[in-house]
């Protein structure tokens, strides 16, 4: 039986196109803005077809070397804010 491995979560202010991580988590508020726009545009310019999440959902994908982060997680944000209030 495997023992549990700790998960390190860091909130970092950096360039999403240069930051190395196992998973880069970005908010998606039903429209693309700063960091999520930069990552989306970089992936689509590299030939990826990125399906953005619907309300209350998420999109998880492998970046296949197009970003230093090996995986990207878009989390739909509007529904998260509504449920936290």
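Values quoted throughout were computed directly from the atomic coordinates according to the rules given, and no laboratory measurement underlies them. Source: prediction; values computed, not measured. FYI the Cβ positions are ideal-geometry reconstructions off the backbone, even for glycines, and counts take in every protein chain you see.
Comparing mean-square fluctuations of 75, 12, 50 from a GNM of the chain with C-alpha springs under 10 Å, the top value falls on 12. Measuring nothing but how far apart in sequence close Cα pairs (under 8 Å, 6+ apart) lie, relative to its length, the chain scores a relative contact order of 35 percent. Helical content alone sets the calculated 222 nm signal of the chain at -6000 deg cm²/dmol, taking -39,500 (n - 2.57) per DSSP H segment of four or more residues and averaging over every residue. If both residues of a DSSP beta bridge must be in the chain, then about 45% of such bridges are antiparallel.
Using only the Cα atoms of the chain, build the gyration tensor, take square roots of its eigenvalues as a ≥ b ≥ c, and label the shape rounded, prolate or oblate: rounded if a/c is under 1.5, else prolate if a/b is larger than b/c, else oblate. Before the final figure, lay out the partial values.
Values: a/c = 1.60, a/b = 1.06, b/c = 1.52.
It comes out oblate by the Cα gyration axes.
In what order do 78, 26 fall by count of nearby beta-carbon atoms within 10 Å, going from fewest to most? The partial results should precede the final answer.
On the way: 78 14, 26 21.
Going from sparsest to densest Cβ surroundings: 78, 26.
The residue 33 and residue 60 beta-carbon pair, evaluated with R₀ = 25 Å, returns a calculated FRET efficiency of approximately 0.80. With a Förster radius of 35 Å applied to the C-beta separation of residue 46 and residue 4, the computed FRET efficiency comes to 0.50.
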